[in-house]
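No lab work stands behind these numbers, since they all come straight from the coordinates. Computed from a predicted model, the values in this text were never measured in an experiment. Here Cβ is always computed from backbone atoms with ideal geometry, including for glycine, and neighbour counts include all displayed protein chains.
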């Protein structure tokens, strides 16, 4: 209770001094984000009034205004008298008190959470409209609710005035320049990478396509490139295919890596056919290569990793948030692939499907922004186009329009980049697909291009124009020349 009084005293303007008010407003913004709960009703009323005032007038209220607000509420007025007598804290001292109060609150909340978790496991309880019972449901409930204990005061700046902070942009610019900082994760397709400069944090990308037109294949190729070629740690969430199928597809894509196998001891056998892996019809030499690939992916220290996650009971938005935050604290990762949005479990309790889907898309973008206390996360998801959109693309040389995204007006607003893949019978026969861009929030849209697609091994290739090679090499070092790679792609497809 004494600590709560000090918190309140530190977010009320006691002096009217402009300089001091800056520190008090900073205190208020920090406290507001913590989720600290006041145990006394009088404290809650005071804090709520301060929040309402700050929302309306930007600054926190003066002590005089607070006293006037509660002059007819004797209980609150009595407590305010004790708050007035307390001493305010600023900067690191205030943050230290925040940590103490948060720890005290977390201890109490954790005890209550453990009690409820045990109750769910033993007897079952009603949560919203559902009755949940049993050890499995208890663990799921604990996982979702435990995320609050992982939150802490963030060092990420989310609020500052240009007059007080614009010069920090200079420091950030030269820091990036001098360190040659490049945090974009490349897709492996030059027409995309040369314009987008990779997938950056906290971007949300959508890859749209009609049924069986390579939307999942594109996500897997991006994920593979970032893991094996760039050494990144990738999370791949599958809601449509079982883990073993996704695993085998990645092995098959690995068998088609033109940076690794041409000129090697496996030059005569790459790439493998995915159907042969599934049917067990590889010949002896192919089986040797297949075994080598599996060991190579597991033991090669030059590669990153692809962590495949198949949620047993589906994936809701709250499940994704909790799972991702917990996994990140076990071992940081660089990007999440979600296959795919429409297959996520609804949390709407009967809302209209279109409204719920659009809310889910909005939530995914906010997830990218707020992840890990505001440091952000990259997320890429496949998305199915509607039949009318496919028909329009058939008539327009494969060019999709934004209205081809079924029920999802929010995708136009929330996604940072929207790509599409297009196929027809002619393209299939020639082992090709068309890839285009419907939206690019921060950069120009790239032009539609044809990619070479080896459907037997699920590998998508593109050879850059000769004029682009120098630029591409700055983004990603290739082990074989552009001309060699072009010849190899033609041989493979």
> Where does helix 18-34 land angle-wise versus the long Cα axis of the chain, in degrees 0 to 90, nearest 10?
Replying inline: 60 degrees
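Could you work out the relative contact order of the chain? I mean the mean sequence separation of Cα pairs under 8 Å and 6+ apart, divided by the number of residues, in percent.
Numbers: 689 pairs, mean separation 78.7, N = 493.
Result for the chain is 16 percent.
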> Quick one: if you stick a label point 7 Å off each Cα along the C-beta vector at residue 112 and residue 305, how many nm between them?
Replying inline: 3.6 nm
> What nm value, rounded to one decimal, do you get for the distance between residue 92 and residue 52 when each label is placed 7 Å out toward the C-beta?
Replying inline: 3.8 nm
> What nm value, rounded to one decimal, do you get for the distance between residue 2 and residue 318 when each label is placed 7 Å out toward the C-beta?
Replying inline: 3.8 nm
> Relative to the first principal axis of the alpha-carbon coordinates of the chain, what is the inclination of helix 317-330, with its axis defined by its Cα atoms, in degrees from 0 to 90 and to the nearest 10?
Replying inline: 90 degrees
>> Compute the helix-to-body angle for 482-492: its Cα long axis versus the longest principal axis of the chain, expressed 0 to 90° and rounded to tens.
In response: 70 degrees
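What length, rounded to one decimal in nm, is gained on full extension from residue 345 through to residue 409, with 0.36 nm per residue of separation minus their alpha-carbon distance? Could you put the intermediate results ahead of the total?
Details: separation 64, 0.36 × 64 = 23.04 nm, distance 1.95 nm.
Between residue 345 and residue 409, full extension yields 21.1 nm more.
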>> Using only the alpha-carbon atoms, what does the range 1-136 span along each of its principal axes? Please give whole angstrom values in decreasing order.
In response: 58, 35, 27
> Roughly what % of DSSP beta bridges within the range 181-492 run antiparallel, to the nearest 5?
Replying inline: 40 percent
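If a/c stays under 1.5 just call it rounded; otherwise compare a/b with b/c (prolate if a/b is bigger, oblate if not). Do that for the range 315-371, with a ≥ b ≥ c from the square roots of the Cα gyration tensor eigenvalues. Before the final figure, lay out each step's value.
On the way: a/c = 2.29, a/b = 2.12, b/c = 1.08.
Since a/c reaches 1.5 and a/b is larger than b/c, the shape of the range 315-371 is classed as prolate.
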> Based on the Cβ-Cβ distance from residue 144 to residue 23, what FRET efficiency comes out when R0 is 51 Å, to the nearest 0.05?
Replying inline: 0.90
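Please report 330, 459, 64 as a ranked list, fewest other C-beta atoms within 10 angstrom at the top and most at the bottom. Kindly include the intermediate steps, with their values, before the conclusion.
Working: 330 7, 459 25, 64 12.
Result, fewest neighbours first: 330, 64, 459.
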> Looking at the square roots a ≥ b ≥ c of the eigenvalues of the Cα gyration tensor of the range 190-276, which shape do they give, rounded for a/c under 1.5, prolate if a/b is larger than b/c, or oblate?
Replying inline: oblate
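Where does the range 1-51 land on Rg/Rh, using Cα atoms and the Kirkwood Rh? It would help to have the intermediate numbers written out before the result.
Details: Rg = 10.9 Å, Rh = 11.3 Å.
Rg/Rh: 0.96.
Between residue 36 and residue 197, what's the calculated FRET efficiency when r is the beta-carbon distance and R0 is 51 Å? Round to 0.05. Could you put the intermediate results ahead of the total?
Working: r = 40 Å, r/R0 = 0.79.
E(calc), rounded to 0.05, equals 0.80.
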> For the chain, what is the calculated [θ] at 222 nm in deg cm²/dmol (nearest 500), taking -39500 (n - 2.57) for each run of four or more DSSP H residues and dividing by its residue count?
Replying inline: -15000 deg cm²/dmol
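Could you list 368, 457, 51 in order of exposure, starting from the residue whose Cβ has the fewest other Cβ atoms within 10 Å? List each step's numbers first, then the result.
Values: 368 20, 457 23, 51 15.
The fewest-first ordering by Cβ neighbours comes to 51, 368, 457.
What's the exposure ranking of 211, 76, 127, going from fewest to most Cβ atoms within 10 Å?
211, 127, 76
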